[in-house]
Amino acid sequence: MSRTYEPHAIETKWQHAWERDGLYSVTEDATKPKYYLLEMFPYPSGDIHMGHVRNYTIGDVVARQLSMRGHQVLHPIGWDAFGLPAENAAIKSKTHPAEWTYANIEKQAASFKRMGFSYDWDRTVVTCDESYYRWGQWIFLKFWERGLVERKSSPVNWCPSCKTVLANEQVLGGGECWRCKSVVVKRELEQWYFKITEYADELLDDLDALPGWPDRVKAMQANWIGRSEGAEVDFALCDAGGQPTDTTITVFTTRPDTLFGCTFFLLAPEHPLVHELVHGTEHAGPVLEVVQAAAKETAVERAMGEREKRGAFTGRYVINPVNGEKIPVWVADYVLMEYGTGAVMAVPCGDQRDFEFARKYGLPIPPVVLPEDDPALETLREAQGRVIDDVTWECAYDGPGIMVQSGAFTGMPTGKGGAGVNAVTRWLEDHGAGRFSINFRLRDWLISRQRYWGNPIPAVHCPQCGLVPVPESELPVRLPRDVDITKGETLADHPEFFTTTCPTCSGPARRETDTMDTFTCSSWYYLRYCDARNDGAIWEREKAGYWMPVDQYIGGIEHAILHLLYSRFFTKVFRDMGLVDFAEPFTNLLTQGMVKKDGEVMSKSKGNVVAPEDMVAEFGADTLRAYILFMAPPDKDLEWSYDGLEGMFRWLNRVWRLVTEVAEESASGAESAAPGDAASKGLRREMHRVIGKVTDDIARFQLNTSIAAMMELTNAAYDYRKSVDADSRDHACMREVAETLTLLLAPYVPHMSEELWREVLRGEDSVHGQTWPAFDASAAAAEEIEMAVQVNGKVRSRITVAVDLPEDDIMTTALASVASHTEGKEIVKTVVVAGKLVSVVVR
């Protein structure tokens, strides 16, 4: 046997053997506990990068270890294959998106196999395959049947570079497209939506049922859903002559207690009433200037608190229902149509943006809430009617306090949950002017995309029948391959695709030419893995019931709102359809950190990319796997170090030499000359400590410290061999340590471990089918411990005592060891800190 570790020769050898033997193919087995381990599937963008290596190696270690612990482990892989990158790459390379996509899938699959990932390749799904996207269309039809699909005209986010609409969740904080970073603009278009808002309450409440998710992710989802309790308030619109009409404009507010401070009324530039109110009036010009300027900015930019507000008076008024005052209606660019009702009751004393707007345009700011320590409180508490029309404040006050200048409500405590909020809301309900209400920031999911490379929407536009769903028997609506996207063509430019007949009346009709958002494909793929080859159903309920929910999901924090929220929504709908019997798809979630170089995320544009294939070619896949796990905890960012990779290669060589030397000694028939001596007992004790440490660390995803523990065991084994002559060694102990180290390493460096187990140690069957080493707490416990002895706070000696030595005997031994420091002095206090130290105080 070779004492030289040669990774390239052994890695491809065992990869072929595992594939030949179907080592990682699994089926349902009721006699075993199941475990579903899943990493977010990749986009086939080309060569794999270090982020892929890190993400998938983390999952592979856990999957392999749990399999050795007797679990039936499902660990599948697939590709999220539709989307804009394929289109853009195809246009650049003058190829078809399908050709580009499948070529990259083939390349990535080869790379994943080269890394030794333990995937069940029989379950692979590719979202651009007809066998997959037909079920995506089936889901669309089922959602439609349940009233969860809607087509409507509304202002949408438009990316001028990608030439398609974006969901709200796909617009970044700076108003940029999540993919190309172009500035997003607003357009009025008729689009398809999934009514995710129907599940807003449940999506929010069920976050409490996910203790295995990071708090940060749950907070991000809760903020995005944005549940607010308050009141809807109806304001009567006045006609051009200033007289109240039957038309009302409703606003939502979380602070109905501040209604007496509402001195003006605001409409979003996109509000449908704006043009009607100013048409043919002297106010039309200034108002339309605000409307046009707002259309050039993103919603994010307009909502930014520090920017200067811009508005215009419409010439119309509404009636404040609590005091009957007529207040002017303005159009303001910081009011957004997609939040609330697109109308706002402006209370400048309590809202900073309203405060700034009022100051700019000379609108009154009467105080209606004062903190309890405000000197003006006593005067206003007793006042009847409005005494102060304007404040001299530098900013608004939005904290709790006492209501003032608020009619019969004056003197009530207010703020969130205060008596004033409930009292005013009840008054509004009693007078038919408002009602208690719950509002959500979450908006329905816009799924229409005006691009070619996506899942066709199964709908037909009929002049006679209107919108008609494609019958299930006609699925899939196939994506044609003869569209030339290099000329900018979409399905709307392809008559052979969109010309059809109505399924209802058989008359001429036009097929829908929008495709679905790619997130509709990734919102259910984890369920398809349970029954990936089923042609007759989306999945068999019993199989999904066996594997689901996913026990451990691994992916980036960037998917906290998009993919993870959508997947939770889909799962809840599937439950209501009777397809599954659970409400949440992912029990535990790990968001792994990024791989950086020189303090920056690896990027081709920054020139700091380290290609995994280059490192594999130099050091082998096992070295790269172990290195990328060792350098940082999985949830933290990792700084790349070539020196660290070399160091990992040296350690694996040390392990290789250790195991081969021990195997040679065993093969030569060497007998243990001193079984059970102190040195071998110490080595065996260290072995069990490391078994416990590695087992516990994997369960807690502390994979870096688990590798450090195995390094310590390697050092302990070498120290033993160095300190004990060959003829005096406990060879049975050394054999046990070598086998245990090989088994512990198997999930991390699967190829080297397989070679050591099968070819060096001559073990039976695959190392990956062996039982995980059992931790023996009693064997790991030390028989003796070392304790420091302090005299007046300074360590003066160290003693070695039996772990079960009585405290009095420990003190006797300790005092004897520091006799020279206590002689002639009075011992005033002694303390034994079990297992650690003895403290002696003298004077």
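The values are calculated or read from the model by the stated rules, or taken from the named source; none is laboratory data. Computed from a predicted structure; not experimentally measured. Note: ideal-geometry Cβ built from the backbone for every residue, glycine included; neighbour counts use all protein chains shown. With ligands, DNA and RNA removed, areas are computed over all heavy atoms of the protein, side chains included. Shrake-Rupley method; radii C 1.70, N 1.55, O 1.52, S 1.80 Å.
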Subject >> Every residue from region 543-558 that is surrounded by 19 or more Cβ atoms within 10 Å (Cβ to Cβ) and over 16 Å from C530 (Cα atoms) >> reply: I554, G555
Original post:
Got at least one residue in region 401-415 being within 27 Å of A312 (Cα to Cα), open to solvent by 40 Å² or more (accessible area, probe 1.4 Å), in contact (Cβ under 8 Å) with a residue 40 or more places away in the chain and in contact with a strand residue (DSSP E or B) (Cβ under 6 Å, 6 or more places away or on another chain)?
Top reply: no
Subject >> Filtered residue count, region 449-482, keeping only those that are more than 15 Å from L84 (Cα to Cα), surrounded by 14 or more Cβ atoms within 10 Å (Cβ to Cβ) and in contact with a Phe, Trp or Tyr (Cβ under 7 Å, 6 or more places away or on another chain) >> reply: 5
Original post:
Filtering region 302-334 down to residues that are under 45 Å from the mean Cα position of the chain (by Cα) and surrounded by fewer than 16 Cβ atoms within 10 Å (Cβ to Cβ), which residue is modelled with the highest pLDDT?
Top reply: E308
Original post:
In region 248-272, how many are modelled with pLDDT of 95 or more and surrounded by fewer than 19 Cβ atoms within 10 Å (Cβ to Cβ)?
Top reply: 2
Subject >> Residues that are open to solvent by 50 Å² or more (accessible area, probe 1.4 Å) and in a helix (DSSP H, G or I), drawn from region 683-704 >> reply: R684, R685, R689, K693, D696, A699
Subject >> region 188-202: number of residues that are closer than 16 Å to F519 by Cβ and modelled with pLDDT of 95 or more >> reply: 6
Subject >> Options F586, F497: the member that is open to solvent by less than 20 Å² (accessible area, probe 1.4 Å), at negative phi, more than 33 Å from the chain's Cα centre (by Cα) and at pLDDT 95 or above >> reply: F497
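Results for (1) aliphatic (A, V, I, L, M); (2) in contact (Cβ under 8 Å) with a residue 40 or more places away in the chain, shown as yes or no for each residue.
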residue	(1), (2)
V344	yes, yes
V347	yes, yes
D351	no, yes
D354	no, yes
K360	no, yes
P364	no, yes
V368	yes, yes
A383	yes, no
**OP:** Would you point out the residue of region 67-80, among those that are part of a loop (DSSP other than H, G, I, E, B) and without any contact (Cβ under 8 Å) to a residue 60 or more places away in the chain, that is surrounded by the most Cβ atoms within 10 Å (Cβ to Cβ)?
**Re:** H75
Original post:
Residues of region 51-73 being out of contact with any helix residue (DSSP H, G or I) (no Cβ under 6 Å at 6 or more places or on another chain) and over 17 Å from T695 (Cα atoms), which ones?
Top reply: G51, H52, N55, Y56, Q72
**OP:** Would you mind stating whether A240 is out of contact with any strand residue (DSSP E or B) (no Cβ under 6 Å at 6 or more places or on another chain), in a helix (DSSP H, G or I) and of a type in the set (A, V, I, L, M)?
**Re:** no
**OP:** Within region 456-465, identify whether any single residue is under 30 Å from D517 (Cα atoms), more than 35 Å from the chain's Cα centre (by Cα) and aliphatic (A, V, I, L, M), and answer yes or no.
**Re:** yes
Original post:
Can you find even one residue in region 657-677 that is within 25 Å of M615 (Cβ to Cβ) and not in a helix (DSSP H, G or I)?
Top reply: no
Original post:
What helices (runs of 4 or more DSSP H) completely inside region 762-843 contain at least 2 residues that are in contact with a strand residue (DSSP E or B) (Cβ under 6 Å, 6 or more places away or on another chain)?
Top reply: 807-817, 819-822
